[in-house]
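Please treat every number below as a calculation from the coordinates, not as lab data. All values reported here derive from a predicted model rather than from experimental measurement. Counting neighbours? That spans all protein chains shown, and the Cβs are built from the backbone with ideal geometry, glycine included.
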Amino acid sequence: MSHQIVREEASRRNILKAVAAASVGMAAAGAAQARTAEPAGPGNTTGDRLTTKDGTVLSYKDWGTGPAVVFSHGYPLSSDAWEDQMFFLQQNGYRVIAHDRRGFGRSSQPGKGYDYDTFADDLAQLVEALDLHKATFVGHSMGGGEVARYIARHGEKRVAKVAFVSSVTPFLLKTATNPTGAPKEVFDGFRAAVQANRSQWNLDVTMPYYSFNRPGAKVSEGLRQNYWRQGQATGILAAYQALAAFSETDFRDDLRKITVPALVVHGSDDQIVPLEISGNLTAKLVPHAKLAVYEGGSHGLLHVDKDRLNADLLAFLRSRSF
């Protein structure tokens with residue numbers, strides 16, 4: 001074997017060793033990064049994730065500095081639904097926080113816990129982990145119930161104000177004590193749609209959700225697709241079981257426990273959660289509430305009426321009293 005061949009063979013072996021060493025180093029770095037990507041344990045946060053006491057990992061956003069505003073999203077969406085309000089309020093000097101409810105968005109999808117007591121306790125763990133004080137809690141649709149149950153279970157020691165936007169409160173289901181509610185058959189139909197073709201239902205429901213089905217409405221395919229995207233990211237267990245949670249949970253006593261200033265915003269043309277059985281009643285049950293009705297407004301006020309809603313939220317945050 002010539003000296004040239006020997007040198008080439010030695011060089012080849014050195015290159016292979018270097019590649020192998022680099023691969024091991026990269027693998028170790030990747031493993032370390034993977035380990036730090038998840039929270040260390042219950043109640044701890046890492047980056048934008050919190051592990052709850054039952055091991056569920058919640059994804060959340062935390063932007064800006066200043067007084068804290070905590071957002072709870074609607075069904076079947078995620079914290080992305082609040083992007084217009086979060087961006088606006090951050091630009092106006094507020095710290096904005098929103099999480100993906102368990103089973104929704106980027107959070108993990110456990111096999112249990114799709115009830116309002118658990119949702120409220122998850123929210124409380126996030127608020128405590130971030131050590132928030134004098135925060136304003138804002139809930140849209142299903143998220144309104146989450147805010148109400150949070151206060152009922154955990155009190156107002158960290159709460160300055162609350163706002164309910166197109167909220168499912170106080171009680172959607174028709175019962176002997178709630179004769180104006182919707183019949184159970186309505187929600188049974190929703191569950192059947194989830195099982196039959198959830199993807200199509202998530203697309204179809206956007207028409208009444210944004211009142212795009214009204215004569216002369218300007219339909220935004222972008223909004224429809226964004227709703228569909230968020231809805232499909234939600235797990236099937238959450239999509240199915242949350243329907244019972246938000247339709248069959250009675251928040252009337254929860255609302256009566258709210259003593260801080262409250263803003264109730266609702267659209268007069270809300271086809272998903274009609275004003276008459278929700279916003280009007282919520283404003284009457286909360287002791288210090290102001291009702292703002294958006295004439296012709298849909299359930300999707302966060303986007304269709306974002307400029308007005310943003311201005312109303314900012315005014316509410318800045319106000320000392322009503």
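Using only the Cα atoms of segment 232-321, construct the convex hull and provide its projected area averaged over every direction, in square nanometres to one decimal.
Average projection, Cα convex hull of segment 232-321: 7.1 nm².
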With axes computed from alpha carbons, what is the tilt in degrees of helix 306-318 against the longest principal axis of the chain, rounded to the nearest 10 within 0 to 90?
80 degrees
Taking 45 Å as R0, compute the FRET efficiency from the Cβ-Cβ separation of residue 157 and residue 180 and round it to 0.05.
0.85
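Pulled fully out, how much extra length does the chain show between residue 320 and residue 271, if you take 0.36 nm times their separation in residues and subtract their Cα-Cα distance? Walk me through the numbers before you get to the answer.
Numbers: separation 49, 0.36 × 49 = 17.64 nm, distance 3.31 nm.
That works out to 14.3 nm of additional length.
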So, in nm, how far is label residue 91 from label residue 288 when the simple model puts each one 7 Å beyond its Cα toward the Cβ?
3.1 nm
If the label point is 7 Å along Cα→Cβ of residue 134, which residues in segment 59-73 have backbone nitrogen under 12 Å from it?
66-68
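Treating only the Cβ of Lys, Arg, Asp and Glu as charged (+1, +1, -1, -1), what charge dipole size does the chain show about its Cα centre? Round to the nearest 20 debye.
On the way: 36 positive and 33 negative charges, 130 e Å.
With Lys and Arg at +1 and Asp and Glu at -1, about 620 debye.
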Mean separation of Cα contacts under 8 Å (at least 6 apart) over the residue count of segment 192-322, i.e. the relative contact order in percent, is 25 percent
Within a Gaussian network of the chain (alpha carbon springs, distance under 10 Å), most fluctuating of 244, 262, 192
192
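Which of the chymotrypsin sites (Phe, Trp or Tyr not before Pro) found in segment 152-241 are loop residues per DSSP with 16 or fewer other Cβ atoms within 10 Å of their Cβ? Display every interim value, and only then the final one.
Working: sites: 164, 171, 187, 190, 201, 209, 210, 212, 227, 228, 240; in loops: 171, 210, 212.
Here no chymotrypsin sites (Phe, Trp or Tyr not before Pro) fit, given the DSSP loop and packing criteria.
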Note down the relative contact order for the chain as a percent, whole number, built from C-alpha pairs under 8 angstrom at least six residues apart.
17 percent
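Is it possible to state the helix-based mean residue ellipticity at 222 nm for the chain, with each DSSP H run of 4+ residues giving -39500 (n - 2.57), the sum divided by total residues, to the nearest 500 deg cm²/dmol? What is it?
Mean residue ellipticity at 222 nm (helix-derived): -14500 deg cm²/dmol.
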Towards the positive end of the charge dipole of the chain, with charges on Cβ (+1 Lys, Arg; -1 Asp, Glu), say which of 267, 233, 212 has the farthest Cα.
233
Using amide H atoms built 1.01 Å from N in the peptide plane, name the residues 5+ places from residue 43, or on other chains, whose amide H lies under 5 Å from its own.
51, 52, 53
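Tell me which trypsin sites (Lys or Arg not before Pro) from segment 63-150 have a DSSP coil assignment and no more than 14 other beta carbons within 10 Å of their own.
Numbers: sites: 95, 101, 102, 106, 112, 134, 149; in loops: 101, 102, 106, 112, 134.
Passing sites in segment 63-150 are 112, 134.
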